[in-house]
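K.L.:
Take this structure, written in structure tokens, and hold onto it; I'll ask about it next.
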Amino acid sequence: MRRSAATTRENHPMTARAVPVLMYHHVTPRPGLVTVSPATFEAHMTRLARGGYRTITADQLLAFMKGREALPPRSVAITFDDGYLDNYVHAYPVLKRLGLHAIIFAVTGWIGDGSPRPYAGGLDDLPDCPDHRTCKRLIEADEADRAMLRWSEIEMMSADGTVEFHSHSHGHVRWDQLYPDPAVRLAALREDLERSRATLTARLGGTDRHLCWPWGYFEPEYQSLAAGLGFESQFSVIRGTNRPHDNVAAIRRIDTKERPAGWLARQLFTYRSPMRAGLYLALRR
């Protein structure tokens, strides 16, 4: 018996053909490199929530890319790199209020202890959130606490399910520049990744299997070593979208900008489709 179109759609619901991954760094009133303002971030997230997007976890993205799990058509992953204080002060309350989920790749060697600081929406004065260049200077001056998250803040964001945390290495270095000898380089890389993973396990429990490469730089040997340590997915800064059976050792992302929510909506429309994404990337070359 021939089935109606309605019956076919009911038995075979639409699923995502590709999942875009957004990449943020800073959400702060201080304009500059890799930064969006709190107003722009709120506009971006509000557009996602009102547009029916589902923000997924790193595990869900991995399962989708391995062909093990179907996801709704408007699925998207929100990622932040490094673990800056402003992620907690300005981004976290927006995500929590809108019921969205995000992934922060933290540099574990830059995270310190101390009580949680105020975040936007409360009655207390907010801590200063430096711009990107100032954050780098503070880290180099051994004053990372003024720029980065604390473990208490990470635990708070993790406990309510709003944010999950994974490795962005322990020291955030370019091993190829520090260690000319390949054997020494890989040994240093192994030690760093093992330390980062052990730190996350000690603080948050579980075993981390998701890694984001510092500077977006990796070599084939890096990817093999990380996979051997148990990092099943590896995030890059390569622009593009992610389909089932794509390479999970080089997950593609979209660099966000200080642009209106309409710009973000157009980006997501493009990268939800492998065909549209391919044409768009070809035209950008």
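The values are calculated or read from the model by the stated rules, or taken from the named source; none is laboratory data. This structure is a prediction, so every number in the text was calculated from the model and none was measured. With ideal geometry, Cβ positions are generated from the backbone for all residues, glycine too; neighbour counts draw on all protein chains shown. What goes into the accessible areas is simple: the full protein's heavy atoms, side chains included, and nothing from ligands, DNA or RNA. Shrake-Rupley method; radii C 1.70, N 1.55, O 1.52, S 1.80 Å.
K.L.:
Of the residues that make up segment 107-115, is at least one surrounded by fewer than 21 Cβ atoms within 10 Å (Cβ to Cβ), of a type in the set (S, T, N, Q) and touching a Ser or Thr at 6+ places or on another chain (Cβ under 8 Å)? Lay out the reasoning, then the answer.
P.N.:
Kept after step one, since they are surrounded by fewer than 21 Cβ atoms within 10 Å (Cβ to Cβ), are these residues of segment 107-115: 109, 112-115.
Applying the additional criterion that residues be of a type in the set (S, T, N, Q) yields 115.
In the following step, the residues that additionally are touching a Ser or Thr at 6+ places or on another chain (Cβ under 8 Å) were identified as 115.
Yes: one or more hits.
K.L.:
Still on this model: Looking only at segment 221-241, decide whether some residue is β-branched (Val, Ile, Thr), open to solvent by less than 40 Å² (accessible area, probe 1.4 Å) and within 26 Å of Arg285 (Cβ to Cβ).
P.N.:
First, the residues of segment 221-241 that are β-branched (Val, Ile, Thr): 237-238, 241.
Filter again for open to solvent by less than 40 Å² (accessible area, probe 1.4 Å), leaving 241.
Now drop any that are not within 26 Å of Arg285 (Cβ to Cβ), which leaves 241.
Yes, there is a match, as at least one residue in segment 221-241 is β-branched (Val, Ile, Thr), open to solvent by less than 40 Å² (accessible area, probe 1.4 Å) and within 26 Å of Arg285 (Cβ to Cβ).
K.L.:
Report yes if Asp145 is open to solvent by 30 Å² or more (accessible area, probe 1.4 Å), touching a residue at least 12 places away in the same chain (Cβ under 8 Å) and on the phi < 0 side of the Ramachandran plot, otherwise no. Walk me through how you get there before you give the answer.
P.N.:
Values: open to solvent by 30 Å² or more (accessible area, probe 1.4 Å): yes; touching a residue at least 12 places away in the same chain (Cβ under 8 Å): yes; on the phi < 0 side of the Ramachandran plot: yes.
In short, yes.
K.L.:
Another question about this same structure. Assess whether Pro38 counts as being of a type outside the set (A, V, I, L, M, F, W, C), touching a residue at least 60 places away in the same chain (Cβ under 8 Å) and more than 21 Å from Ala144 (Cβ to Cβ). Let's see the steps before the verdict.
P.N.:
Numbers: of a type outside the set (A, V, I, L, M, F, W, C): yes; touching a residue at least 60 places away in the same chain (Cβ under 8 Å): yes; more than 21 Å from Ala144 (Cβ to Cβ): yes.
For Pro38, the condition - of a type outside the set (A, V, I, L, M, F, W, C), touching a residue at least 60 places away in the same chain (Cβ under 8 Å) and more than 21 Å from Ala144 (Cβ to Cβ) - is met.
K.L.:
Among the numbered criteria (1) more than 24 Å from Pro72 (Cα to Cα); (2) open to solvent by 20 Å² or more (accessible area, probe 1.4 Å), which single criterion is violated by Ala265?
P.N.:
(1)
K.L.:
Let me ask something else. Quick one: count up the residues across segment 176-208 that are open to solvent by 60 Å² or more (accessible area, probe 1.4 Å), out of contact with any helix residue (DSSP H, G or I) (no Cβ under 8 Å at 6 or more places or on another chain) and charged (D, E, K, R).
P.N.:
Within segment 176-208, residues that are open to solvent by 60 Å² or more (accessible area, probe 1.4 Å), out of contact with any helix residue (DSSP H, G or I) (no Cβ under 8 Å at 6 or more places or on another chain) and charged (D, E, K, R) number 3.
K.L.:
Next question, about the same structure. Only residues that are touching a residue at least 12 places away in the same chain (Cβ under 8 Å) and surrounded by fewer than 15 Cβ atoms within 10 Å (Cβ to Cβ): list them for segment 44-58, please. So that I can check it myself, show each step before the final result.
P.N.:
Just the residues of segment 44-58 that are touching a residue at least 12 places away in the same chain (Cβ under 8 Å), to begin with: 44-49, 51-58.
Correct list: Gly51, Gly52.
K.L.:
On to the next question. Taking Val76, is it touching a residue at least 60 places away in the same chain (Cβ under 8 Å), within 26 Å of Phe231 (Cβ to Cβ) and touching a His at 6+ places or on another chain (Cβ under 7 Å)?
P.N.:
Values: touching a residue at least 60 places away in the same chain (Cβ under 8 Å): yes; within 26 Å of Phe231 (Cβ to Cβ): yes; touching a His at 6+ places or on another chain (Cβ under 7 Å): no.
Spelling it out, it is not the case that Val76 is touching a residue at least 60 places away in the same chain (Cβ under 8 Å), within 26 Å of Phe231 (Cβ to Cβ) and touching a His at 6+ places or on another chain (Cβ under 7 Å).
K.L.:
Can you tell me which residue within segment 94-106, out of those that are among the small types (Gly, Ala, Ser) and in contact (Cβ under 8 Å) with a residue 60 or more places away in the chain, is surrounded by the fewest Cβ atoms within 10 Å (Cβ to Cβ)? Spell out the reasoning first.
P.N.:
Step one: of segment 94-106, the residues among the small types (Gly, Ala, Ser) are 99, 102, 106.
Going one step further and asking which of them are in contact (Cβ under 8 Å) with a residue 60 or more places away in the chain, we end up with 102, 106.
Numbers: Ala102: 24, Ala106: 29.
Per the stated criteria, the residue is Ala102.
K.L.:
When residues of segment 148-166 are filtered for being surrounded by 16 or more Cβ atoms within 10 Å (Cβ to Cβ) and charged (D, E, K, R), how many remain?
P.N.:
So the answer is 3.
K.L.:
Just one of Asp124, Asp128, Asp145 is more than 18 Å from the chain's Cα centre (by Cα), more than 18 Å from Arg97 (Cβ to Cβ) and part of a loop (DSSP other than H, G, I, E, B); which is it?
P.N.:
On the way: Asp124 fails: more than 18 Å from Arg97 (Cβ to Cβ); Asp145 fails: part of a loop (DSSP other than H, G, I, E, B).
The conditions single out Asp128.
K.L.:
Turning to a different aspect of this structure: Pull up segment 67-93, narrow it to residues that are open to solvent by less than 10 Å² (accessible area, probe 1.4 Å) and among the aliphatic types (A, V, I, L, M), then point me to the one that is farthest from Gly51 (Cα to Cα).
P.N.:
If we take residues in segment 67-93 being open to solvent by less than 10 Å² (accessible area, probe 1.4 Å) and among the aliphatic types (A, V, I, L, M), then Leu85 is farthest from Gly51 (Cα to Cα).
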